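Q: Quick one: the structure is below, questions incoming.
The values are calculated or read from the model by the stated rules, or taken from the named source; none is laboratory data. These figures come from a predicted structure and were not determined experimentally. We place every Cβ from the backbone using ideal geometry, glycine too, and count neighbours over all the protein chains shown.
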Amino acid sequence: DEAHIASSRSLEFRERFLTATDGRGMDVILNALSGEFVDASLDLLPRGGRFIEMGRTDIRDPGTIAADHEGVEYRAFDLIEAGAERIGGWLAEVVGLLEGGVLEPLPVASWDVRRAREAFRHVSQARHVGKVVLTVPRVLDAGGTVLVTGGTGTLGGLVARHLVSVHGVRHLVLASRRGSAAEGVAELVVELEKSGAVVTVAACDAADRDQLAATLAAIPAEHPLTAVIHVAGVSDDGALDTLTAEQVERVLRPKVDAAVNLDELTAGADLAAFVLYSSASGVVGTPGQGNYAAANAFLDGLAERRRARGLAGQSLAWGLWEQESTLTAHLGDSDRARMERTGVRALTSEEGLGLFDAALATDEALLVPLHLDLGTLRTRAASDGELPPLFRGLVRAAGRRTVAGEADTSGAEALRRRLDAAGEPERRRLIVELVRQQAAAVLALPEAAQVEIERPFREAGFDSLTGVELRNKLGAATGVRLSPTAVFDHPTPAALTEHLLEHLAPDGGAQAVPRLLTELNRLEQTLKSLDVDATAHTEVTLRLRTLLSQWDTKAAPAADDSAEDLRSATDEELFGFLDDELETP
């Protein structure tokens, strides 16, 4: 079948060219095809001519070609036969044409040699235009200069020491807004210089293009810029719908604006590394850090964009580091405990620097260095199922097994049953205890009793992040969909309890009736829009009759004949009743 298809295509190929030339065919053919296409190409020389075989997969015998195709001169061409001198002359002429603008060079796509398999697959599928080049990864040159933004901070200092002690870097520019006035800089410089490095501390706001350009221009030509490590950044957390323009600008400026300036001002430099310190918040998502997540997601995209342009670029979406920095100085023990409960543990300096080295040795634009506690993730998935999508494939949560015929009374369903069976005082006590227990867990308090029901959440130590965590925990425990700012909209445990009770146990069921009618109206619209087969129609009808029977049993007023009529109604009569009685106001 494949041979037949190839033969048909070759005949079509020949006929199209002969038609386009009024049957005259060609005078010269440069061939790189094989099989049936070679024969079809030879038929395009009906008046004789030259057939130059450029390929190596299907070389023919010149004598046979001359006998079968009168006037055709066949030659298999091998470039090397021209000799080095002649080939050099051709290349010199081509270079001259390129320099004169007569010819334009073909586009070049570069692939790291560590991705050679992908590069060859790309070529084999004919997806490339121009040249595909394999490049050898560069190491940090001891004679070059490495720029570290945020270089006077905690993480910047760790990176600087590591570059000197492990990578042999001898020329560093540590840039930060405070420069030499930053705390601990003098000691850092002395330490680095004792290790043999020449260190320049620059008071430079990388988000200011002119300041950054001046800092780069000051790098001596004999020690050109060979790497950029962008560590600078700040955080200013807040729930998404409470963020102000100032908070967004404060976070994006040192991350995004500085990264754009670094990208544009170093585009012409031959860099061995362009590393952006990003955050896992942009990949996994962290409650209360919408602005910070957006800034870091931009860095991740910028690294990809640089790679697409053939430039060095790598974004490291770090998790929390154990060593305190300006970004994490505000975190207390409860904050760190909260993060560990998510299944992400803090990285030690040794772990972080080891991951930095591993990243430099990996040809990936985006990496996420995290210390994951799979046991905690597994427990978390089993308890409330709320795992970031990125983590769901890492662990498998065992579902709770139930005995045949036994209902699963765990979680929100069990709570609702307890509330239905309880009186008003008991309902309030249950919800108050739930709120206090979950608040104590978020704040890492040993006892729920330490959470005072009339004390505002903010005074107790809640911020945007912990407020969202409490909201998530209460939502999972109750099944109530709370707003991200629910903890601060209802600022005390007592107020939040009343808010939950409004959803979970309305007084005497009076408040439930409007909500029930609303749901029935929605059901009515759904039923009207459905176009189902007979099987599905029967299933829905049986379910509706079951619900109606349960409602009749629950109803306190004396039954009248209509109830019996409904129980004996046909399908058409039942749906007619829904149309008549549940009209949307």
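Q: I'm trying to understand the selection: among the residues of the stretch 279-292, which are surrounded by fewer than 22 Cβ atoms within 10 Å (Cβ to Cβ) and not in a loop (DSSP other than H, G, I, E, B)?
A: A280
Q: Find the helices (runs of 4 or more DSSP H) located wholly in the stretch 59-170 whose residues include 1 or more that are loosely packed, with under 13 Cβ neighbours inside 10 Å, and list them.
A: Filter on the stretch 59-170 gives 62-68, 84-99, 116-124.
Q: From A407, A358, A412, grab the single residue that is of a type outside the set (D, E, K, R) and modelled with pLDDT under 70.
A: Of the residues listed, the single one that is of a type outside the set (D, E, K, R) and modelled with pLDDT under 70 is A407.
Q: Of the conditions (1) in the same structural domain as R14 (by TED's automatic domain parsing); (2) out of contact with any strand residue (DSSP E or B) (no Cβ under 7 Å at 6 or more places or on another chain), Y74 clears all except one; give me its number.
A: (2)
Q: Can you tell me which of L30, L18 is among the aliphatic types (A, V, I, L, M) and either modelled with pLDDT of 90 or more or under 48 Å from the mean Cα position of the chain (by Cα) (or both)?
A: The match here is L30.
Q: Could you check how many residues of the stretch 503-533 are at pLDDT 70 or above, touching a Leu at 6+ places or on another chain (Cβ under 6 Å) and within 23 Å of E413 (Cβ to Cβ)?
A: Matching residues across the stretch 503-533 total 2.
Q: Hey, can you tell me all the residues within the stretch 351-368 that are farther than 21 Å from S281 by Cβ and not in a helix (DSSP H, G or I)?
A: A361, T362, D363
Q: Here is a list: A494, A563, A476, A536. Which entry is small (G, A, S), in a helix (DSSP H, G or I), farther than 30 Å from R458 by Cα and at pLDDT 75 or above?
A: A536
Q: Next question. Based on what the data block shows, is G233 over 16 Å from V148 (Cα atoms), crowded, with 20+ Cβ neighbours inside 10 Å and either modelled with pLDDT under 90 or charged (D, E, K, R) (or both)?
A: No, not satisfied.
Q: Test of understanding: among E459, E452, E447, which residue is out of contact with any helix residue (DSSP H, G or I) (no Cβ under 9 Å at 6 or more places or on another chain) and loosely packed, with under 15 Cβ neighbours inside 10 Å?
A: Just one listed residue meets the conditions, E459.
Q: Something else now. Which of (1) farther than 18 Å from S10 by Cβ; (2) at pLDDT 90 or above does D78 not meet, given it meets every other one?
A: Looking at each condition in turn, D78 falls short on (2).
Q: Filter the stretch 294-321 down to residues that are over 13 Å from P369 (Cβ atoms) and outside any helix (DSSP H, G or I), then give me how many there are.
A: 5
Q: Can you find a residue in the stretch 445-461 that is within 23 Å of E498 (Cα to Cα), among the aromatic types (F, W, Y) and either at pLDDT below 75 or assigned to a loop (DSSP other than H, G, I, E, B) (or both)?
A: Within the stretch 445-461, not a single residue is within 23 Å of E498 (Cα to Cα), among the aromatic types (F, W, Y) and either at pLDDT below 75 or assigned to a loop (DSSP other than H, G, I, E, B) (or both).
Q: A further question on this structure: In the stretch 21-42, which residue that is in a helix (DSSP H, G or I) and charged (D, E, K, R) is nearest to R75 (Cα to Cα)?
A: Looking at the filtered set, the residue picked out is D39.
Q: Right, something else. May I ask you to list the residues in the stretch 220-254 that are of a type in the set (A, V, I, L, M, F, W, C) and part of a helix (DSSP H, G or I)?
A: Matches in the stretch 220-254: L240, A245, V248, V251, L252.
Q: Quick one: G467 ticks every box in (1) under 30 Å from the mean Cα position of the chain (by Cα); (2) small (G, A, S); (3) at pLDDT below 80 bar one, so which box is it?
A: The single condition G467 does not satisfy is (3).
Q: Please pick out the residue among G313, G282 that is without any contact (Cβ under 8 Å) to a residue 40 or more places away in the chain and in contact with a Leu (Cβ under 8 Å, 6 or more places away or on another chain).
A: Answer to the check: G282.
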